[in-house]
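Right, one structure below, let's go through it.
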Amino acid sequence: MRLPSKNFNTSLFSLFFLLLSNVLLSQTKEDLANYRKKYPGQHLVQTKSVHRIAIKMVKNIPTVTHFYEWDYLILDKNGIISLSESSIDFSPFETITNIDAYSIVPTEKGSKKIEASNFITKDGEADKGIFHDGTKTTSFVYGGLVEGALRHLSYEVAVSDNSFPFGYSFYGMIPCENPQFIIEMDSCIHLKSKLFNTEKFPINFSETLNKGKRIMTWKTAEDLIIKSEEMAPNNRFYAPHVLAQIAYYYTKNGRQQLIETISDLHNNYKKNIAEVENETPSKEITEIADSITKNLTSNFDKVQAIYYWVQDHIKYIAFEEGDGGFVPRQPSRIIEKRYGDCKDMASLIYSMTKAVHIPTYLTWIGSRSLPYKYSEFPSSFCDNHMITTYKENGNYYFLDATNSFQPIVLPTGFIQEKEAFIHLGPNEFEIVNVPVPDRKITRMVDSTFIQLQEKNLVGTTRSISTGYYHIYLGNLAKSVPVKEYHNFITSINERGNNSFSITNEKVTGMDDRDGLTKMSFDWKVQNYATVLDNEIYVNMILNKDFVQQGEFKKTRIAPYEMENHFSDTYVTTLTIPSGYKLKSLPQNNTFDNDFVHYSINYKQTGNSIVMTLSFDLTFLLLAPERFEEWNNFIKTKKAALAESVVLIKQ
């Protein structure tokens, strides 16, 4: 029997490949059409998202390796732009290997594989030129992408510190099908895990144990698609995700704790501050602390003086590389260099108060960008910040010198309502909730007198700002050049319309950290009143943006976030011009519930009309379940904005 020739084999293989390519091309075209129909308006879809973690015992220690695999299908030209470049960020604690990046691009005869190119690794980009956390970035380019192309990326990450937590987010800005989070570990290893925000978006979980391996899997049919919302908190406050970390493991020596409880977390953290805690204040630190407290008698006044000195003399620069992201530098170095990050400032305050024999406490805390609590899931996911805490007569003072205009009696705005993890000693700590200052702490009282000059308004305003308003203005004012100060005062007081201009401005207290801001100025607005025949219409709500957020759509799933509680009062007095009298006043109205109080009242007093508008908000996060009440308030507000005082010729 004659054997087939080599050329025959080659031809047969070529024919097979051609047929396979045609089948793949047909399948790709069909998939593309189906996805476009399923996700109208989307530019791409993630067809694969798998994050697998392998935890193995190596020399009686758990070692952690992450495996990532992602596939994206490009649906239109905008998708090409989105996916033409990619990058992988990694910290000093991570080692990246086995990067596999390519695209499968449809052609007239089938498809072809194109490897990614131009791989470049460099330091992570600085934030406004002052931040560096040791992160590096490997970037690369996908060439030849077209509509219908499939972009692939997979790689491995070995983590050097097994105490770090990990997690997976079941949400994103684009469609993602069948996302999976898988943790495979030796059976002697045990995790602590917690699901977040799955009440309306359930995640399927399974756990199996087979041949000495424990496999935990979280998955769902599709990710939750979210979108950017105005004044919304971090996505982790409301979108579904899971967190996990190694809690404990067993060796031949028995059970070994890692991080399961708050005590475990404290044991893990305290070694990072041991050097600062054990350091004797240097001669320079002691001399400075003594000099700024020598004429003060109370401990409170001394702590306040030290706190303000650090704010004024230590420049905040977040430079956190490797262990420097967790370990404060020695206070003696900070006092010498005159700059440092949050941990450095906290350690310096601690050392300076120690030098004058007043105890303060280093404290870990999370900003309001983190939704987690130590009491619910004790983990390094709970914090991204460090401060110092001073205690006196049952009161806690949270000293955060990263804000250089922060009074001691108020916490910085971004740690309100957070849990403070206070280190009291080698084996002692406490968790304290940072309070949310009452709305009456942050007040703005605006008293304005206005007169009509034909259609124009001329006025005189006096205002007082306290609390977080005062802090905000003080921080802004520090960076305003002298030649721009007039424009600055104008911009923060705008009212009426775009023709607003001021003269004779006077400002006091804006540079006093513990004071309040007082402003007075004369102003003018052109073409504000409406004149019809023998009547004049004047809307006395001059600041129409006292609530910037309008009604919420029913489709919004993100909460509404405010910076702080506050209480505003506007009292505006209109002098009735000669030859006119009052024809009608707008109706008084009120809206009042547990998170908003709004009232507006009009009355005539002699030859004047007085409008008093009060507006208080008492929430930091407003859940979507309360949006209907908010929308009712906005409707009430809109109705008031449409009302005018009507004057008529006598």
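The values are calculated or read from the model by the stated rules, or taken from the named source; none is laboratory data. As the structure is a prediction and not an experimental result, all values here were calculated from the model. Positions of Cβ are backbone-derived with ideal geometry, glycine not excepted, and every protein chain shown enters the neighbour counts. Heads up: the accessible areas ignore ligands, DNA and RNA and are worked out on the full protein's heavy atoms, side chains in. Shrake-Rupley method; radii C 1.70, N 1.55, O 1.52, S 1.80 Å.
Taking every DSSP beta bridge that has both ends in the chain, the antiparallel portion is near 90%.
Over 10 Å intervals from 0, what percent of Cα-Cα pairs in the stretch 186-304 sits in each interval? Result returned by the calculation: 9, 21, 21, 18, 16, 11, 3, 0. Of all the Cα-Cα pairs you can form in the stretch 406-554, what percent are over 25 Å apart? Counting every Cα pair in the stretch 406-554, those more than 25 Å apart make up 48 percent.
Between Thr97 and Phe414, the FRET efficiency estimated from the beta carbon spacing at R0 = 35 angstrom works out to 0.40. The fraction of all Cα pairs in the chain landing in successive 20 Å bins from 0 to the largest distance is 14, 37, 33, 13, 2, 0, 0, given as whole percents. Once both labels are positioned 7 Å from their Cα atoms along Cα-to-Cβ, the gap between Ile215 and Ser263 label points is 3.6 nm. A 1.4 Å probe, protein heavy atoms only, puts the accessible area of Thr555 near 100 Å². Projecting the Cα atoms of Gly143, Gly110, Tyr72 onto the dipole axis of the stretch 65-179, where Lys and Arg carry +1 and Asp and Glu carry -1 at the beta carbon, places Gly110 farthest toward the positive end.
Quotient of the Cα radius of gyration of the stretch 296-445 and 2.2 N^0.38 Å, N being its number of residues: 1.02.
Using a probe of 1.4 angstrom and keeping all protein chains present, the accessible surface of the chain works out to 50 square angstrom per residue.
Quick one: longest stretch of the chain between exposed loop trypsin sites (Lys or Arg not before Pro), exposed meaning at most 10 other C-beta atoms within 10 Å and loop per DSSP?
339-552
The angle between the Cα long axis of helix 262-278 and the main principal axis of the chain comes to about 70°, on a 0 to 90 degree scale.
Of Ser117, Ser103, the residue with the largest accessible area leads and the full order is Ser117, Ser103 (1.4 Å probe). Only Cα sites of the stretch 436-494 enter the Debye sum here, all with the same form factor; the resulting log10 I(q)/I(0) across q = 0.13, 0.14, 0.27 1/Å is -0.48, -0.55, -1.12, listed in q order. Ordered from largest to smallest accessible area (heavy atoms of protein chains, 1.4 Å probe), the residues His423, His565 come out as His565, His423.
In angstrom, the C-alpha Rg and Dmax of the stretch 340-387 are 12.9, 37.
Each Cα pair under 8 Å and six or more residues apart adds its separation to the average, and for the stretch 282-387 the resulting relative contact order is 25 percent.
Between the stretch 420-469 and the stretch 217-241, the C-alpha centres lie 32 angstrom from each other. In this view, the solvent-accessible surface of Leu585, computed with a 1.4 Å probe and all protein chains in place, comes to about 60 Å².
D by Stokes-Einstein for the stretch 482-530, Kirkwood Rh over Cα pairs, 37 °C, 0.692 mPa s: 272 µm²/s.
The distance separating the Cα centre of the stretch 187-209 from that of the stretch 292-311 comes to 50 Å. Post the alpha-carbon centroid distance, the stretch 602-650 to the stretch 360-379, in whole angstrom. Taking the Cα centre of each part, the stretch 602-650 and the stretch 360-379 sit 39 Å apart.
When the convex hull of its Cα atoms is viewed from all sides, the stretch 60-117 shows a mean projected area of 6.2 nm².
A 31 angstrom limit on the alpha carbon distance is what I want to check against. Which of Lys136/Lys211; Lys343/Lys506; Lys302/Lys343 exceed it?
Exceeds cut-off: Lys136/Lys211; Lys343/Lys506.
Within a straight-line Cα-Cα reach of under 20 Å, Lys583 can be paired with the following lysines, leaving aside sequence neighbours fewer than 8 residues apart in one chain: Lys455, Lys603, Lys649. When all C-alpha to C-alpha distances in the stretch 466-547 are sorted into bins of 10 Å, what percent of pairs does each bin hold, rounded to whole numbers? Pairs per bin, as whole percents: 15, 40, 29, 11, 5, 0. When the solvent-accessible area of the chain is split by element, carbon and sulfur atoms take up 50 percent of it, the probe being 1.4 Å. For the chain, the relative contact order works out to 9 percent when only alpha carbon pairs closer than 8 Å and six or more residues apart are counted.
Under a model in which nothing but the beta-carbon of Lys, Arg (+1) and Asp, Glu (-1) is charged, the chain shows a dipole of about 1180 debye around its Cα centre. Counting charges near Tyr39 (Lys, Arg +1; Asp, Glu -1) among other residues having Cβ under 13 Å from its Cβ returns a value of -2.
Taking K and R as +1 and D and E as -1, what net charge do the other residues with C-beta under 14 Å from the C-beta of Met510 add up to? So the environment of Met510 carries a net charge of 0.
Largest first, the extents of the alpha carbon coordinates of the stretch 360-424 on the three principal axes equal 30, 24, 16 Å. Among Leu473, Phe170, Asn384, whose Cα projects farthest towards the positive end of the dipole of the chain, with charges put on the beta-carbon of Lys, Arg (+1) and Asp, Glu (-1)? Towards the positive end, the residue furthest out is Phe170. In straight-distance terms, cross-link reach from Lys518 covers every one of the aspartates and glutamates whose alpha-carbon lies under 18 Å from its own, apart from those fewer than eight places away in the same chain; here that gives Asp446, Glu494, Glu505, Asp568. The lysines within cross-link reach of Lys194, meaning a Cα-to-Cα straight distance under 25 Å and a gap of 8 or more places when in the same chain, are Lys48, Lys56, Lys213, Lys219, Lys227, Lys270, Lys373, Lys418. Among the GluC sites (Glu not before Pro) in the stretch 547-622, those located in a DSSP loop and surrounded by at most 16 other Cβ atoms within 10 Å of their own Cβ are Glu551, Glu563. For the set Ile536, Ile215, Ile120, Ile648, the ranking by accessible area, highest first and with no ligand, DNA or RNA atoms included, is Ile120, Ile215, Ile648, Ile536 under a 1.4 Å probe.
Suppose we look only past 26 Å in the calculated P(r) of the stretch 491-607. What percent of the Cα-Cα pairs does that tail hold?
Details: 2829 of 6786 pairs.
Tail of the P(r) past 26 Å holds 42 percent of the pairs.
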